[in-house]
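The values are calculated or read from the model by the stated rules, or taken from the named source; none is laboratory data. Remember, predicted model here, so these are calculated numbers, not experimental data. Methodologically, a virtual Cβ is constructed for each residue, glycine included, from the backbone with ideal geometry; neighbour enumeration extends over all protein chains shown. Calculation scope for accessible area: heavy atoms of the full protein, side chains included, ligands and nucleic acids excluded. Shrake-Rupley method; radii C 1.70, N 1.55, O 1.52, S 1.80 Å.
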Amino acid sequence: MNAHGSMLSSDHMDVHMYTNPKHPFVRAGNTGLAGLNVDQLPEPDFTEPIENITVPVGREAILSCSVQNLGGYKVGWMRVSDQTVLALQGRVVTHNARYSVVHEDMRTWRLKIRQLRESDRGCYMCQINAIPMKKQLGCIDVYVPPDINDDESSSDVTVREGEDATLFCSANGHPPPRITWRREDGSPLLIRRNKTVARVDSYYDNLLNLSDVDRKQMGAYLCIAANDVPPAVSKRVFLNVHFSPQIVTPRSLFGGLAESDVDLECMIQASPISVNYWIKGSAPKRNSYESFIRPEMLLDGKKHYISEEKLSPYEFRLKLVVRNFSRSDLGIYTCISTNSLGRANGTIRIYEIKIPTSTSTTSTTSTTTHMPTTILRSTITSSTKIATAEVFITETTTPEYPTFFPVHGDPYGGQMEANQHLHDIMYSRGDDTGAGTPMLVVHCIVAAVMLQALLIAIR
């Protein structure tokens, strides 16, 4: 390289470069045999600037240098960053098979770089070895697709419910990648700002801050890195939210028919995953007249079918099927869930449903008309218990005044129930004199019995 910074020696730029049999030039002086002054020859120059290009990594880059009036001068290529000479005229002088030079239409010199690498990013100089040296630059920008840096990004994160969680993601690439956070299942992100909660589908930042997290925010989050070079890449980060088990029983009172199957169900929420099981029986209660049945863990078998279904990362459905129901299956069933943070249970009571036997009665009085029977259902609900009672009502010939039983003529001047046995119990009618228990006492007894039944049912 000479003092002018040229990669070509000044000895090659003398007049002798033009000597040939057709146009012999004389070295002494600047006048040729034809009387032409060499100084009057048009100087070589570039016809247009080199266009800067952007090429994805791994592809081929081509820089074009167009000259005119080259004459006996030469064209070379050099990498500017380290002043490495790459090619002279059509000959590559660097020991790198990825470089080549193509000379087209006697005016254009193309530098080609195959299998482009990120290290090839930079500027390249096209030179003409004139005095002074003539040069121009063309630059290559190598685009690199995004790549997530696992060492500088979050792995799975675990927090307690109510705590804060921070997810972070780092990616390399050129141009610098943009980071987008999304939920894998498409659920909105809950971003708390200034005591308000914003529900967004995407969040654009390297850091995703989640404040006061709850169980609904548990799940997989995607860190997506993208720039102008496909393909985009993503990393999956799972957020675990831990809390003690909670149980909800959709129904806490079940009726069972003899020789049928009874299905019991508990909905469980727990994280980390809990151990779930069923027991039958209950601990004794103070001031309770209920008989004590020692708790017994139920196992999957011929009598009981137990299954567990996972509905979400923290929700489960625990089912128990009591097969071939009989009176020995009556009682309290408890589903229990326990993990490292606590324990919860839900209680379900099974009672027996008796199928009533139908009896037909024949009335001897032709003036009485029996109306259709109506069933009134009264449901008593508390936060955890449901009790149901059914009362049969029949309408007399006057629909506005229903009575509680089918009626026919009564020899005592009133009405006589078709269900005579139940009527005798309620009214204690022992002889034809009509003497019996006062109605007020009867009503008090009936009310006390019903109240006791409901208290037992809602426990």
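Quick look at the numbers
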quantity	calculated
Conditions (1) assigned to a loop (DSSP other than H, G, I, E, B); (2) of a type outside the set (S, T, N, Q); (3) open to solvent by less than 10 Å² (accessible area, probe 1.4 Å); number of the one not met by Pro230	(3)
The one condition in (1) out of contact with any strand residue (DSSP E or B) (no Cβ under 7 Å at 6 or more places or on another chain); (2) in a strand (DSSP E or B) that Leu208 fails to fulfil	(1)
Among residues of the range 179-204, those that are over 15 Å from the mean Cα position of the chain (by Cα), surrounded by fewer than 17 Cβ atoms within 10 Å (Cβ to Cβ) and part of a strand (DSSP E or B), counted	7
Residues (among the polar types (S, T, N, Q) and under 24 Å from Tyr351 (Cα atoms)) located in the range 301-336	Ser307, Asn324, Ser326, Ser328, Thr334
Residues that are open to solvent by 50 Å² or more (accessible area, probe 1.4 Å) and in a strand (DSSP E or B), drawn from the range 252-266	Asp263, Glu265
Of all residues making up the range 300-314, the number that are assigned to a strand (DSSP E or B) and open to solvent by less than 60 Å² (accessible area, probe 1.4 Å)	3
Selected residue (only one of Val159, Val200 is hydrophobic (A, V, I, L, M, F, W, C) and touching a residue at least 24 places away in the same chain (Cβ under 8 Å))	Val159
Restricting the range 98-116 to residues that are under 49 Å from the mean Cα position of the chain (by Cα) and without any contact (Cβ under 8 Å) to a residue 40 or more places away in the chain, the residue that is nearest to Glu51 (Cα to Cα)	Tyr99
Residues of the range 319-349 that turn out to be part of a strand (DSSP E or B), open to solvent by less than 20 Å² (accessible area, probe 1.4 Å), under 18 Å from Gly301 (Cα atoms) and not β-branched (Val, Ile, Thr), as a count	3
Condition check for Ile224: part of a strand (DSSP E or B), open to solvent by 30 Å² or more (accessible area, probe 1.4 Å) and closer than 30 Å to Arg327 by Cβ	no
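Each row is one residue, and each column tells you yes or no for (1) in contact with an Asp or Glu (Cβ under 7 Å, 6 or more places away or on another chain); (2) of a type outside the set (A, V, I, L, M); (3) within 30 Å of Val55 (Cβ to Cβ).
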site	(1), (2), (3)
Thr158	no, yes, no
Ser170	yes, yes, yes
Thr180	no, yes, yes
Asn194	no, yes, no
Ala198	no, no, no
Asp201	no, yes, no
Asn206	no, yes, yes
Gly219	yes, yes, no
Leu222	yes, no, yes
